[in-house]
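The values are calculated or read from the model by the stated rules, or taken from the named source; none is laboratory data. These figures come from a predicted structure and were not determined experimentally. Here the Cβ positions follow ideal geometry from the backbone for every residue, glycine too, while neighbour counts run over all protein chains shown. Ligands, DNA and RNA are stripped out before the accessible areas are found, and what is left, the full protein with its side chains, is counted by its heavy atoms. Shrake-Rupley method; radii C 1.70, N 1.55, O 1.52, S 1.80 Å.
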Amino acid sequence: MKAIQLTNGFGLEELTMTELDKPTPGPKEVLIRMRAASLNYRDLMVLSGVMPVDIKFPFIPLSDGAGEVVAVGQGVTRIHVGNRVAGNLQQRFLAGNPRAEVLADSLGGPLNGVAAEYVVLHEDGVVPIPDHLTYEEASTLPIAALTAWSMLIEYGGLQAGDTVLLQGTGGVSIFGLQFSLMTGARVIITSSSNAKLERAKALGAWQTINYSEVPDWDQKALELTDGGVDHVLDVGGAATMVKSINALRTGGTLSMVGFLSGLTIPEYDVTSILQKAATVRGSQVGNRDHFEKMNRAIAHHRLHPVIDRVFPLDRIGEAFALLAEGKQYFGKIVVQI
Ligand SMILES: NC(=O)c1ccc[n+]([C@@H]2O[C@H](COP(=O)([O-])OP(=O)(O)OC[C@H]3O[C@@H](n4cnc5c(N)ncnc54)[C@H](OP(=O)(O)O)[C@@H]3O)[C@@H](O)[C@H]2O)c1
């Protein structure tokens, strides 16, 4: 079978198409013919060697994939041959709150990932995907969609009538937009591009702010809402967190998801968190239980993920170059396998 591997070391230039033996599923394992994978910022960090995960070379990258189960090992009962499935990023995070021991085993680092024609996973680590989705669409669910779903719906308790502030038009934020609308919440979304803001508006955003033209977007959000938003999904990190707290209403929730602008805020006065009585919650994607609930909602609402571009597997380098460039896409980047 064909697979993409890092054979000798880190770096996008080290990605190589290799020929490997087709794996065989052991007890409680399933063999998946992978059809599509989506790219995440996490994959870029793993490939670059900056993510603190213990990689063994040769290593198969990519965390998020979807495909069809073509064989099952002894004792498999949850999943059947012919099921269309996606892998859950954290293979042992099945339910409940995040715990250190279940967050460690993640696909695409430290575990081998899904950039291969055939992948073997434990039956507990896969989730059936909604029937109306293509494999390309379903491949976007495990990280970007599940993160937005977990933070807004499961932990955030988002309700109809709430106002959500989303940052930028990448994978997590566009799923955040779709799930907020599904719930009956209204959305303020920011972007560095007016053209992308128009697309977000067409998808249903209530208000848009260009964060390059309006650096005080937190003040703008306060004005628009007469006192602040109920929930901010923060993907910016260092450059956005303080403003995200400013944009909250008293008693609002900040979900810290990303760090696209960096991880460190040199000096920070915590007063605003106290004054706002804010809830600040860090994200570690989500558990299988939440993944299944999300898929049920996606199926009921016939929601389609927003994919910007699909690349063939042998052009994965171009797909990563697009991701690394940062702002040249809207929603998700996918590779066909
Ligand atoms: N902790 C978790 O559970 C978890 C899960 C998923 C993702 N993440 C992290 O969350 C972040 C976002 O992930 P993603 O997959 O959505 O990324 P993405 O698809 O690569 O998002 C890129 C977009 O983010 C926007 N952006 C970049 N810098 C920004 C800034 N300073 N302020 C506001 N928007 C900015 C830009 O939007 P415009 O082009 O519209 O300006 C850019 O196009 C990444 O850091 C990722 O590693 C964490």
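Let's see how each residue does on (1) near the ligand (Cβ under 10 Å from one of its atoms); (2) closer than 22 Å to Ser38 by Cα; (3) modelled with pLDDT of 95 or more; (4) in the same structural domain as Arg78 (by TED's automatic domain parsing):
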site: Leu233; (1), (2), (3), (4): yes, yes, yes, no
site: Gly236; (1), (2), (3), (4): yes, yes, yes, no
site: Gly251; (1), (2), (3), (4): no, no, yes, no
site: Arg288; (1), (2), (3), (4): no, yes, yes, no
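On the stretch given as the range 156-179, residues that are surrounded by fewer than 24 Cβ atoms within 10 Å (Cβ to Cβ) and within 11 Å of the ligand (Cβ to nearest atom) total 0. Considering (1) more than 16 Å from the ligand (Cβ to nearest atom); (2) open to solvent by less than 70 Å² (accessible area, probe 1.4 Å), the lone condition that Glu223 does not fulfil carries the number (2).
Number of residues in the range 27-51 that are loosely packed, with under 14 Cβ neighbours inside 10 Å and out of contact with any Phe, Trp or Tyr (no Cβ under 8 Å at 6 or more places or on another chain) equals 2.
May I ask you to verify whether Ile209 is touching a helix residue (DSSP H, G or I) at 6+ places or on another chain (Cβ under 9 Å) and under 22 Å from His304 (Cβ atoms)? No.
Which residue is nearest to Met182 (Cα to Cα), if the candidates are limited to the range 201-216 and must be near the ligand (Cβ under 9 Å from one of its atoms) and touching a Ser or Thr at 6+ places or on another chain (Cβ under 6 Å)?
Once the filter is applied, the top-ranked residue is Tyr211.
Leu111 falls short on exactly one of the conditions (1) assigned to a helix (DSSP H, G or I); (2) of a type in the set (A, V, I, L, M, F, W, C); (3) free of Cβ contacts under 8 Å to residues at least 24 places away in the same chain, and that condition is (1). Number of residues in the range 253-275 that are more than 16 Å from the ligand (Cβ to nearest atom), within 28 Å of the chain's Cα centre (by Cα) and at pLDDT 95 or above equals 1.
Per-residue answers, yes or no, for (1) in contact with a helix residue (DSSP H, G or I) (Cβ under 6 Å, 6 or more places away or on another chain); (2) free of Cβ contacts under 8 Å to residues at least 12 places away in the same chain; (3) of a type in the set (Gly, Ala, Ser); (4) not assigned by TED's automatic domain parsing to the domain that holds Ser38:
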| site | (1), (2), (3), (4) |
| --- | --- |
| His300 | no, yes, no, yes |
| Arg309 | no, no, no, no |
| Pro312 | no, no, no, no |
| Glu318 | no, yes, no, no |
| Gly331 | yes, no, yes, no |
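On inspection, Pro25 does not qualify as touching a Gly at 6+ places or on another chain (Cβ under 6 Å), under 14 Å from Gly113 (Cα atoms) and in a loop (DSSP other than H, G, I, E, B). Just one of (1) at positive phi; (2) without any contact (Cβ under 8 Å) to a residue 24 or more places away in the chain fails for Leu62. It is (2). Within the range 113-155, being among the polar types (S, T, N, Q) and surrounded by fewer than 21 Cβ atoms within 10 Å (Cβ to Cβ) holds for one residue alone: Thr134.
Would you pick out the residues in the range 183-196 that are outside any loop (DSSP other than H, G, I, E, B) and either closer than 18 Å to Met151 by Cβ or open to solvent by less than 10 Å² (accessible area, probe 1.4 Å) (or both)? Walk me through how you get there before you give the answer.
From the range 183-196, those outside any loop (DSSP other than H, G, I, E, B) are 183, 186-191, 194-196; that's our starting set.
Passing the criteria: Thr183, Arg186, Val187, Ile188, Ile189, Thr190, Ser191.
Of the residues making up the range 69-108, those that are without any contact (Cβ under 8 Å) to a residue 40 or more places away in the chain and of a type outside the set (A, V, I, L, M) are His80, Gly82, Gln91, Arg92, Asn97, Arg99, Glu101, Asp105.
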